[in-house]
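What follows is a short report on a single structure.
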Amino acid sequence: MKQDGKLAQIRRRIDAIDGELLRLLSERAACAQQVAEVKQAAGEMVFYRPEREAQVLRQVAAANPGPLPDEAVTHIFREIMSACLALERPLTVAYLGPPGTFSQDATHKHFGQAISSLPQTTIEQVFREVDAGAADYGVVPIENSTEGAVTHTLDMFLSTPLTICGEVELAVHQQLLSKVPDLAGVKQIYSHAQSLAQCRRWLAGHLPGVACEAVSSNAEAARRAASEAGAAAIAGESAGRLYELTCLAANIEDEPGNTTRFLVIGRHDTQPSGRDKTSLLLSTGNRPGALASLLEPLRRHGISMTRIESRPARTGRWQYVFFIDIEGHVQDAPVQQVLTELREVTALCKVLGAYPRATGDAP
Ligand SMILES: O=C(O)C(=O)C[C@]1(C(=O)O)C=C[C@@H](O)C=C1
């Protein structure tokens, strides 16, 4: 009884805090509406500001007094900004579908829930929708920590006029999902080939001899698991929720740190956020020391390279382009100097985009 009194007292306090939170949220939303008016009056039609959002999320994580983990508070503020932006102007974001894929999770991780998301059947289609203006932004996978580069996405950058305006890192946790009650009932497994590869050791150890079939996406695998007797899918939690499947085994990926990086593509440049990355597309002739000549300006100006990838140039046999990510924004003086020097030694030097570095570790 005494306990009940204590509980009621704490709940009254929570109700009062919720009332205060709601008042402050409404005040914040009204500020966002004023921001929209200022932007409109200045003739700016781009309401989404990736650099500002990154700054807000970093500030919140840095000022977090606990006990909520940084990941939880940034998630909450992500959704607050998503709802505020939807008041200014709702966004449409294209992603590699169908619904229930990790690409959809990455899209919501970056933009929050208050967007219209448009599932596309191919990476090329995501680029096309954004280019045509049918979507404001697009989200495409670029690399996985175990499987490497998504070459299809890299190749699209050879010809697209779009620019990179953000990156998202998503921890990829694979689940064994089914309608059957236990592992013994699983007679057939479906998943995307990459996910099957990521769970090879677990499958050999726990379900040896059970047939595995690669399908077009993890969401398609979940759809089959929901409709075929004795079938299970390897997919993410979202696909399990969408198709109302039970999780028979969680986090079955062989590499616990398995992460996929996605890029956000759009039609507008992004301003510096203070902690940025610049992506470059470079090509040199086939001459001795050509690659070294690309790296030398970076060394000289103390700029870190976070990634280098080569792909066939598609302009001649055995000719290559390099995709290089460097730390810093294209408007930073050292990056400007590097670009000037690179233009002297390259046949092609294109800035694919400058954007805030991914915030925090993905849940
Ligand atoms: O600061 C702005 O430009 C806003 O529009 C406000 C706000 C926010 O809610 O904090 C909303 C959307 C933008 O993408 C960035 C920030």
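The values are calculated or read from the model by the stated rules, or taken from the named source; none is laboratory data. On a predicted model such as this, the values are computed, not experimentally measured, just so you know. With ideal geometry, Cβ positions are generated from the backbone for all residues, glycine too; neighbour counts draw on all protein chains shown.
Listing for the model above:
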{"item": "Which listed residue is out of contact with any helix residue (DSSP H, G or I) (no Cβ under 8 Å at 6 or more places or on another chain), hydroxyl-bearing (Ser, Thr, Tyr) and in the same structural domain as Leu348 (by TED's automatic domain parsing), from Ser283, Ser217", "result": "Ser283"}
{"item": "Which numbered condition Gln3 misses (of (1) surrounded by 11 or more Cβ atoms within 10 Å (Cβ to Cβ); (2) free of Cβ contacts under 8 Å to residues at least 12 places away in the same chain; (3) of a type in the set (S, T, N, Q))", "result": "(1)"}
{"item": "Filtered residue count, the stretch 225-260, keeping only those that are buried (at least 19 other Cβ atoms within 10 Å of the Cβ) and basic (Lys, Arg)", "result": "0"}
{"item": "Out of Ala83, Ala32, sole residue that is part of a helix (DSSP H, G or I), closer than 24 Å to Gly274 by Cα and either within 16 Å of the ligand (Cβ to nearest atom) or out of contact with any Gly (no Cβ under 9 Å at 6 or more places or on another chain) (or both)", "result": "Ala32"}
{"item": "Filter result for the condition that a residue is of a type in the set (Gly, Ala, Ser), over 28 Å from Glu309 (Cα atoms) and more than 18 Å from the chain's Cα centre (by Cα), over Gly285, Gly289, Gly230", "result": "Gly230"}
{"item": "Total residues in the stretch 35-51, condition in a helix (DSSP H, G or I), surrounded by 13 or more Cβ atoms within 10 Å (Cβ to Cβ) and within 9 Å of the ligand (Cβ to nearest atom)", "result": "5"}
{"item": "Qualifying residue in the stretch 220-230 (condition: in contact with a helix residue (DSSP H, G or I) (Cβ under 7 Å, 6 or more places away or on another chain) and closer than 21 Å to Leu96 by Cβ)", "result": "yes"}
{"item": "Matching entry among Ala72, Ala54, Ala62 (being under 19 Å from Ala106 (Cβ atoms) and away from the ligand (no atom under 15 Å from the Cβ))", "result": "Ala72"}
{"item": "Selection within the stretch 17-29 - acidic (Asp, Glu) and within 13 Å of the ligand (Cβ to nearest atom)", "result": "Glu27"}
{"item": "Those residues of the stretch 256-301 which are in a strand (DSSP E or B) and of a type in the set (D, E, K, R), in sequence order", "result": "Arg261, Asp276, Lys277"}
{"item": "Strands (runs of 3 or more DSSP E) contained entirely in the stretch 106-217, each with at least 3 residues that are among the hydrophobic types (A, V, I, L, M, F, W, C), at negative phi and surrounded by 19 or more Cβ atoms within 10 Å (Cβ to Cβ)", "result": "137-144, 163-171"}
{"item": "First in the stretch 241-264 and aliphatic (A, V, I, L, M), second anywhere and part of a loop (DSSP other than H, G, I, E, B), Cβ under 6 Å, 6 or more apart", "result": "Leu242/Gly100; Ile252/Gln174; Ile252/Cys199"}
